[in-house]
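The values are calculated or read from the model by the stated rules, or taken from the named source; none is laboratory data. Just so it is clear, the structure is predicted and the values come from calculations on it, not from any experiment. Glycine gets a Cβ as well: all are built from the backbone with ideal geometry, and neighbour counts include every protein chain shown.
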Amino acid sequence: MKRKNAVRTAVLALALALSLAGCGGSINSTAAAADSVQEYATESFAAGEGAEAAGAPLLDPAEIETGESARKIVYNADLQLESTRYDETREALLAAVEAQGGYLASSSQGGSAADQDRWASFTAKIPAENYRAFLDTAGEAGNLLNLSEQAEDITSSYIDVEARLSALEAQRDRLSALADEAETTADLLEIERQLGDVQYQIESYTQQRRQMDSAVQYSTVEISLQEVATLTPETPAGFAGQIAQAFTGGWQAFRSVLTGLVLTVVYLWPLWLALAAVLAVLRLTKPARAARKAQKQAARQASRAAAAGYASAKPGQDAAEAPAPHPDDTDSTPAPKYTER
C-alpha cells in the first residue's frame, strides 16, 4: 500500500513538472516572436550582411560571367563639326541619328544665315550596337574638327546594386511572413514600419539599376555644328607649311577685323547723322556768335576808356577811390575834353 502511494506521488510530481515546463516554453515562444521584429530592425545590410541574415547569399562576382558580352560598358563621345553648307550637314546628322535607331535627348541652335554664323548643338542617344557606325557616318557629314570618346566600366557598381536588391527583397519576404504571424498590434505596426523602409530602398536601387541599363543600352553623343565661310585647313607638315598657314591665318584675321570695323561704322549711322546735324548748326550760327563777341569786346574797351577819362578830371582824387562809371552812362554821355593852360 505504501508502495502504491509512493508511485502515485511520483507520477503527480512528474506531471506537474511537465506542465510547468510547457507553460514556460509557451511564454518563451511568445516573447521570441515579439522580439523577432526588433532583430530585423537592428540587422546590418552593409557588405552583404543583410543577405546572409535573410538566408540569401550575395552575388559573387566570380560566379558571374565576365566576358565582353556580360560587362556593363557606358560609351560617350563628343563630336565637333564645321560646314559651309549648314542646312545639308544638319539634315545629314539628324538622318544619321534616325537611321541608327537613336533619338535626340536635347537640341539647340542659333546664329544668322546672313552672317554665316549659324550653329547647332545636339545630345543624341544611340543604341550601343550602332555606336561605332554612327560616329563614322556623322564624321563624314561635315569637316571634323575634334572627336573624343570615353568608355566607363560600371560592372562592379551594377553587381553591387543587384546584390543589395536581392538582400532587400529577401528581407521584405521575411518581414511579410512575420506580419502574418504577429500576435499583437505593436508587433504588426513595427513590422509594417520596417516593410515601408525596405520597400523605399528597393525602389531606390531599382531606379539606379534602370538608369544603368539605359546608359549601357544607349550611348550618349554630344554633337556641335558650326557654320563657317571657309573650312579650317588641315595642319600642314613641316616648318614651311606652318609659315604658310600662319600667313594665311593672319590675312584672314586682318580681313575679319577690317570687315568688323566697316560694319561698326555702318551700324552707328544714326550717331554720325546726329553729329553732322550738330556741326551744321554750329557752322550756321558762327557769324552771329562772332558779332556778339565783337560787340561785347567793344563795350568793354569803351568802359575802360571812360573810366580812365573820369579819373583824370579830379587830380586830387586817387584813381583807385574814384567811382567806376556805369556802362550805360559811358554809352550815352561822351567823355569831357580838357585843354592845357
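Structure notes:
- Among the candidates ALA120, ALA138, ALA133, the residue that is surrounded by 14 or more Cβ atoms within 10 Å (Cβ to Cβ), in contact with a Ser or Thr (Cβ under 9 Å, 6 or more places away or on another chain) and not assigned by TED's automatic domain parsing to the domain that holds LEU263 is uniquely ALA120.
- Listed conditions (1) closer than 30 Å to GLN116 by Cα; (2) at pLDDT below 60 are all met by ALA324, apart from (1).
- Test: residue in the range 196-209 that is within 16 Å of VAL74 (Cα to Cα) and assigned by TED's automatic domain parsing to the domain that holds SER108: yes
- Total residues in the range 89-103 satisfying the condition of being in contact with a Leu (Cβ under 7 Å, 6 or more places away or on another chain) and within 11 Å of ASN130 (Cα to Cα): the figure is 1.
Let's see how each residue does on (1) under 30 Å from LEU145 (Cα atoms); (2) in a helix (DSSP H, G or I); (3) acidic (Asp, Glu):
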| site | (1), (2), (3) |
| --- | --- |
| LEU195 | no, yes, no |
| GLN199 | no, yes, no |
| SER204 | no, yes, no |
| PRO233 | yes, no, no |
| GLY249 | yes, yes, no |
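- The range 82-103, residues that are part of a helix (DSSP H, G or I) and not aliphatic (A, V, I, L, M): TYR86, ASP87, GLU88, THR89, ARG90, GLU91, GLU98
- Within the range 104-147, being in a helix (DSSP H, G or I) and under 22 Å from VAL216 (Cα atoms) holds for ALA128, GLU129, ASN130, TYR131, ARG132, ALA133, PHE134, LEU135, ASP136, THR137, ALA138.
- Among the criteria (1) buried (at least 16 other Cβ atoms within 10 Å of the Cβ); (2) at pLDDT below 95; (3) out of contact with any Leu (no Cβ under 7 Å at 6 or more places or on another chain); (4) not aromatic (Phe, Trp, Tyr), the one GLU183 does not fulfil is (1).
- Some residue of the range 49-57 being outside any helix (DSSP H, G or I), at pLDDT 95 or above and of a type in the set (A, V, I, L, M, F, W, C): no
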